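First the structure, in the form of structure tokens, and then the observations on it.
The values are calculated or read from the model by the stated rules, or taken from the named source; none is laboratory data. From a predicted model like this one, the values you see are computed outputs, not experimental measurements. Don't worry about glycine lacking a Cβ; one is built from the backbone with ideal geometry, like all the others, and counts go over all protein chains shown.
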Amino acid sequence: MEMGLRNRVAIVAGASQGIGRATAEAFAAEGCRVAICARNAASLKAAAEAITKQHGVEVLDQAVDVTDASAVHGFVEAVINKFGSVDICVTNAGGPPAKGFMAASLEDWRKAVDANFLSAVYFAREVIPHMQRKHWGRIITITSITTKQPVADLVLSNAVRTSVVGLVKSLANEFGKDGILVNNVGPGFTATDRLKQLAKTRAQNSGQKEEEIFAGWAADAPLKRVGEPREVADAIVWLASERASYITGQTLLVDGGAYKGL
Ligand SMILES: NC(=O)c1ccc[n+]([C@@H]2O[C@H](COP(=O)([O-])OP(=O)(O)OC[C@H]3O[C@@H](n4cnc5c(N)ncnc54)[C@H](OP(=O)(O)O)[C@@H]3O)[C@@H](O)[C@H]2O)c1
């Protein structure tokens, strides 16, 4: 399928590993110029070099903490200086820690809001004016299955992610007239370092083995396995492509069918 993405400029945040990295690779495979950020400069640089080597596209990497509005401003400015525009912006950051409600401190709540909600606001504020000028743009937020169905012991994610859905729908409504499509992608359990960390925490709390916890997640999905980062990335690339040109304001779960609702 021709995606129509060649030479588009795609920002992917939180892209040194996991779903963000797979997404940056998938855009590069479509011939996009890619700009990636994460906090750790060394692992980010390694990711950028690997993507350039594999796909032969230009990659801008900049160490940025997406909870810092001025750092996000500087990053988008660097993207414009290097590539001249920004067409696609995928917002992403690490997920909040697994905790029940009384175990979560007020600081945990503030951090979750900063990383998993306000970071999307910061990026949207920066990229929308550039997209308006071109009358073309795609903003895609990476959140979680928790936007549709709470997960046990992930109260921070369950509560904060839904605010992103409200933001996505509002932006889709306001900027559709400018050719900007805004959608949300919610991964289910996906095999990344984040998931290994989650399994470790659960194992410590429950006395179960990590393999048993993984097996339980796999069993919960009709496809009977956890997802691969590339499978989430492919859905994001499709949403950004010309093949999804009449889709905006939506949440697409990539969860192997784990969501139990209709
Ligand atoms: N994997 C799953 O099963 C799953 C399921 C549902 C939802 N999700 C959500 O999907 C998102 C991506 O998950 P993942 O599994 O790919 O996570 P991951 O393996 O932990 O990767 C997170 C990436 O984001 C970067 N990052 C974290 N905090 C950042 C910050 N403040 N500023 C800039 N970059 C930051 C990390 O690099 P640095 O540490 O160097 O900054 C890393 O590149 C998370 O929000 C996660 O909660 C994941």
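State whether the residues of the range 163-179 include one that is outside the structural domain of T91 (by TED's automatic domain parsing), touching a residue at least 24 places away in the same chain (Cβ under 8 Å) and part of a loop (DSSP other than H, G, I, E, B). Checked the range 163-179: no residue is outside the structural domain of T91 (by TED's automatic domain parsing), touching a residue at least 24 places away in the same chain (Cβ under 8 Å) and part of a loop (DSSP other than H, G, I, E, B). When the range 21-48 is filtered for residues that are closer than 26 Å to E2 by Cα and either out of contact with any strand residue (DSSP E or B) (no Cβ under 7 Å at 6 or more places or on another chain) or outside the structural domain of A235 (by TED's automatic domain parsing) (or both), the ones remaining, listed by number, are R21, A22, E25, A26, A29, E30, G31. The condition of being more than 11 Å from the ligand (Cβ to nearest atom) and within 26 Å of I51 (Cα to Cα) holds for only one of A244, A219, A215, that being A244. Checked against (1) over 19 Å from I11 (Cα atoms); (2) within 16 Å of the ligand (Cβ to nearest atom), S105 passes all but a single condition, namely (2).
Given the criteria within 25 Å of I180 (Cα to Cα), more than 16 Å from the ligand (Cβ to nearest atom), of a type outside the set (D, E, K, R) and out of contact with any Asp or Glu (no Cβ under 9 Å at 6 or more places or on another chain), does G84 qualify? When the stated conditions are applied, G84 passes them.
Within the range 200-214, the presence of a residue that is assigned to a helix (DSSP H, G or I), under 27 Å from R125 (Cβ atoms) and among the polar types (S, T, N, Q) is excluded. The number of residues in the range 75-134 being over 25 Å from N205 (Cα atoms), surrounded by fewer than 16 Cβ atoms within 10 Å (Cβ to Cβ) and among the acidic types (D, E) comes to 1. Take the residues of the range 127-151 that are part of a helix (DSSP H, G or I) and under 12 Å from S85 (Cα atoms): which is nearest to the ligand (Cβ to nearest atom)? The selected residue is V127.
Comparison of A38, A13, A26 shows that the only residue that is within 8 Å of the ligand (Cβ to nearest atom), within 18 Å of the chain's Cα centre (by Cα) and closer than 21 Å to L181 by Cα is A13.
Going through (1) at pLDDT below 95; (2) on the phi > 0 side of the Ramachandran plot one by one, G84 falls short only on (1).
For beta carbons closer than 7 Å, sequence separation of 6+ or different chains, a first residue in the range 32-46 that is on the phi < 0 side of the Ramachandran plot and a second that is among the charged types (D, E, K, R) and near the ligand (Cβ under 8 Å from one of its atoms), the qualifying pairs are R39/D65.
Quick one: is Y259 of a type in the set (S, T, Y), within 30 Å of Q132 (Cα to Cα) and out of contact with any Asp or Glu (no Cβ under 8 Å at 6 or more places or on another chain)? Against the criterion (of a type in the set (S, T, Y), within 30 Å of Q132 (Cα to Cα) and out of contact with any Asp or Glu (no Cβ under 8 Å at 6 or more places or on another chain)), Y259 does not qualify.
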